[in-house]
1. Write down the Å³ per residue value for the convex hull defined by the alpha carbon atoms of segment 153-231.
2. For CYS77 and LEU23, FRET efficiency with R0 = 22 Å and r from the beta-carbon atoms, rounded to 0.05?
3. Restrict the search to segment 79-156; then list the trypsin sites (Lys or Arg not before Pro) that DSSP places in a loop and that have at most 10 other Cβ atoms within 10 Å of their Cβ.
4. Just grab the label-to-label distance for LYS226 and ARG44, each label 7 Å out from Cα along the Cβ direction, in nm (one decimal).
5. From the residues HIS170, PHE150, VAL203, which one has its Cα farthest along the dipole of segment 135-225 in the positive direction, the dipole being from +1 and -1 charges on Cβ of Lys/Arg and Asp/Glu about the Cα centre?
6. Of the listed peptides 215-224, 111-120, what is their order by residue-averaged count of other C-beta atoms within 10 Å, with the highest listed first?
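Just so it is clear, none of the values below were taken in a lab; they were calculated from the coordinates. These figures come from a predicted structure and were not determined experimentally. Reconstructed Cβ throughout: ideal geometry from the backbone, glycine too, with neighbour counts over all protein chains shown.
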Amino acid sequence: MPELDSIRGVAILGVLLYHGLLLLLAFVILFSPASRLISFYLARSNGFVSYVCNDYTWNALDGLVLGAFWPFFSASCLKGQLKPSRAVFQKALIVVFRTALTVWGIGIPFGIITHQEAVGAALQVTPWHFLFVALIGLCLLVGSSRQKRFVQVKSFQFLGEVSYGLYLYHLLIFTLFDHFARSTGISSTIDPIFMLLIRFLIVSAIAIPASLLSPRLFEDRFLNLKTRLAP
């Protein structure tokens with residue numbers, strides 16, 4: 001029957017696309033540390049080495065990919081690739097957490113703490129990515145249980161709502177504050193620990209309202225354009 005052949009063809013195509021996407025995600029997770037390693041050697045060949053090599057998008061793709069881990073996991077359950085149950089979810093969470101600990105254990109002899117050696121600099125954020133994925137998974141697990149009150153905190157929900165704005169603005173505000181502190185000499189007259197606290201509080205006091213106003217002043221206006229420009 002032609003209809004049955006079409007359904008089979010679509011099903012096979014869906015399986016191929018799923019496995020292709022899975023391979024692509026795995027490649028990105030492995031590629032980003034390699035990209036950071038190359039960046040480290042290129043910087044060192046120019047006489048300058050910075051352990052902060054995640055400012056470039058291609059060096060931070062593994063974090064973006066791992067941020068989609070749980071949605072992809074849920075989609076796999078819906079497609080029948082995995083058995084949808086809390087037990088399977090818990091096992092996946094444990095695997096992610098153990099991966100974070102394993103990378104840390106492997107990276108300690110190679111400078112993952114100091115970030116001043118090539119392999120350590122390349123792996124510096126990898127365990128943190130897996131750890132935060134595990135933390136998000138734990139929150140999802142608790143949030144879907146009788147103990148959901150422990151993760152459904154209004155202040156955290158508010159920060160989640162403005163998190164994209166914080167992501168956009170916090171580095172700019174930190175940079176402006178540091179420039180002001182250096183140009184006025186304030187940073188040299190205050191205890192460093194106390195200065196860090198002041199820096200955090202002032203930047204937070206500016207970044208959070210800015211992130212709250214940003215959707216109303218800028219983001220929503222650009223998003224509304226898609227209804228006019230989209231065919």
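1. 109 Å³
2. Efficiency at R0 = 22 Å is approximately 0.70.
3. Sites meeting the loop and neighbour criteria: ARG146.
4. Going from the LYS226 label point to the ARG44 one covers 4.3 nm.
5. About the Cα centre, the residue reaching furthest to the positive side is PHE150.
6. The densest-packed peptide leads the list: 111-120, 215-224.
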